[in-house]
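Heads up: the structure comes next, in structure tokens.
The values are calculated or read from the model by the stated rules, or taken from the named source; none is laboratory data. Because the structure is a prediction, the values reported are computed rather than measured. Because the Cβ atoms are built from the backbone with ideal geometry, glycine has one as well, and the counts that use them run over all protein chains shown. Just the protein is used for accessible areas: all its heavy atoms, side chains included, with ligands, DNA and RNA removed. Shrake-Rupley method; radii C 1.70, N 1.55, O 1.52, S 1.80 Å.
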Amino acid sequence: MENDVQPGEQPMMGAPPVRSSAANDIMFEDCLKSILLKAKTGKIYCPYKNKYCPKPMQSPFGNFPADYLPQRKTRRHAHPDHADMSKTMHKTLRKGEGIGGKSVSLLPKKNLAKPKAPRAGAVDRRKIKVSDFRKFYDRGDLPIGVKHGSGCTLYWKVKPEDLDYSHYLPKFFDGIREKQDPYRFLAIQGTFDLLEHGGAKIIPVIPQLIIPIKTALNTRDPEVIALTLKVLQKLVTSANYVGEALVPYYRQILPIFNLYKNSTKNLGDLIDYAQRKKLSLGELIQETLELFEQTGGDDAFINIKYMVPTYESCVLN
């Protein structure tokens with residue numbers, strides 16, 4: 001991170017703010033959404049409490065056994081035959097009211113509701129599975145922790161450059177689809193730190209990163225996809241020849257790019273004041289594809305064009 005303030009000194013009044021990391025940006029955004037939602041509706045913003053995210057553990061030591069959980073009271077329902085009898089008990093038919101035995105009915109024709117056109121659901125959100133990063137962190141197998149203070153930071157028990165990248169980097173990539181802290185913060189910040197200090201160690205690990213990247217993109221969650229795109233941009237610029245090593249795996253990564261490439265806001269002559277947060281999927285995908293072409297070598301454009309036909313070259317043009 002860029003920081004002009006020397007250790008032990010206080011930043012001067014009016015000095016430009018220190019650029020925060022991607023993990024801190026997400027925490028600030030959640031805090032802002034929580035404040036706005038509580039002011040409007042009085043509710044608390046919990047992005048991980050929905051049917052798509054995995055349920056958190058019931059205690060720091062895991063879930064309780066089923067025998068120790070309180071039993072839910074089940075409501076007794078009346079027998080369906082008894083319910084039908086109670087409806088018709090006080091209602092009797094009279095002469096001429098029934099429709100039995102009539103060959104022609106004078107009743108008005110019922111207006112049947114037309115079935116709605118089915119939806120393909122190509123961009124609907126999918127269920128997010130529990131990541132291996134969460135399991136490893138809960139067991140204490142990862143050399144990381146949260147340093148609390150004026151702002152949450154990640155501290156390493158071992159220097160990132162001394163770690164075995166073939167073991168740890170795929171685990172951190174698998175955690176970028178998490179939506180609950182501290183797993184999300186640790187996975188995102190740890191991924192960026194490993195990519196920053198990895199260098200030549202990253203290239204042999206690229207085949208192991210494809211499945212975590214594909215799994216994160218297939219969640220179809222806009223926040224997870226935007227974060228994965230930022231990680232991919234950092235990945236291809238972290239070391240030489242990483243972009244070329246990623247070209248054979250475009251067919252696993254780029255189908256989701258093709259779905260969301262035109263996902264941009266149509267504001268007319270208005271201004272999008274949130275563009276500094278880089279949450280527009282269409283713009284992020286365009287930037288990522290241009291980086292892929294610039295760092296992927298001679299075969300990058302033809303492979304991108306095969307998977308994303310609407311992409312135009314930023315190098316040849």
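Restricting the search to helices (runs of 4 or more DSSP H) fully inside segment 213-317 and requiring at least 2 residues that are touching a residue at least 12 places away in the same chain (Cβ under 8 Å) and among the charged types (D, E, K, R) gives 222-236, 281-295. Annotation: Lys49 fulfils all but one of (1) under 16 Å from the mean Cα position of the chain (by Cα); (2) surrounded by 10 or more Cβ atoms within 10 Å (Cβ to Cβ); (3) in contact (Cβ under 8 Å) with a residue 24 or more places away in the chain; the unmet one is (3).
Applying the criterion of being open to solvent by less than 70 Å² (accessible area, probe 1.4 Å) and under 19 Å from the mean Cα position of the chain (by Cα) to the residues of segment 260-273, the residue that is farthest from Arg125 (Cα to Cα) is Lys261.
Being small (Gly, Ala, Ser) and open to solvent by 50 Å² or more (accessible area, probe 1.4 Å) is the requirement here; does Ala187 meet it? Before you say what the answer is, go through the steps one by one.
Working: small (Gly, Ala, Ser): yes; open to solvent by 50 Å² or more (accessible area, probe 1.4 Å): no.
Here the answer is no, as Ala187 does not meet what is asked.
May I ask you to list the residues in segment 131-170 that are out of contact with any Gly (no Cβ under 9 Å at 6 or more places or on another chain), under 24 Å from Pro204 (Cα atoms), open to solvent by 40 Å² or more (accessible area, probe 1.4 Å) and not in a loop (DSSP other than H, G, I, E, B)? Asp162, Ser166, His167 - these are the residues of segment 131-170 that are out of contact with any Gly (no Cβ under 9 Å at 6 or more places or on another chain), under 24 Å from Pro204 (Cα atoms), open to solvent by 40 Å² or more (accessible area, probe 1.4 Å) and not in a loop (DSSP other than H, G, I, E, B). Might you let me know whether segment 34-44 holds any residue that is within 29 Å of Thr228 (Cα to Cα), of a type in the set (Val, Ile, Thr), open to solvent by 70 Å² or more (accessible area, probe 1.4 Å) and at pLDDT 75 or above? Scanning segment 34-44 turns up at least one residue that is within 29 Å of Thr228 (Cα to Cα), of a type in the set (Val, Ile, Thr), open to solvent by 70 Å² or more (accessible area, probe 1.4 Å) and at pLDDT 75 or above.
Every condition in (1) at pLDDT 85 or above; (2) out of contact with any Asp or Glu (no Cβ under 8 Å at 6 or more places or on another chain); (3) under 19 Å from Ile26 (Cβ atoms); (4) of a type in the set (S, T, N, Q) holds for Ser131 except the one numbered (2).
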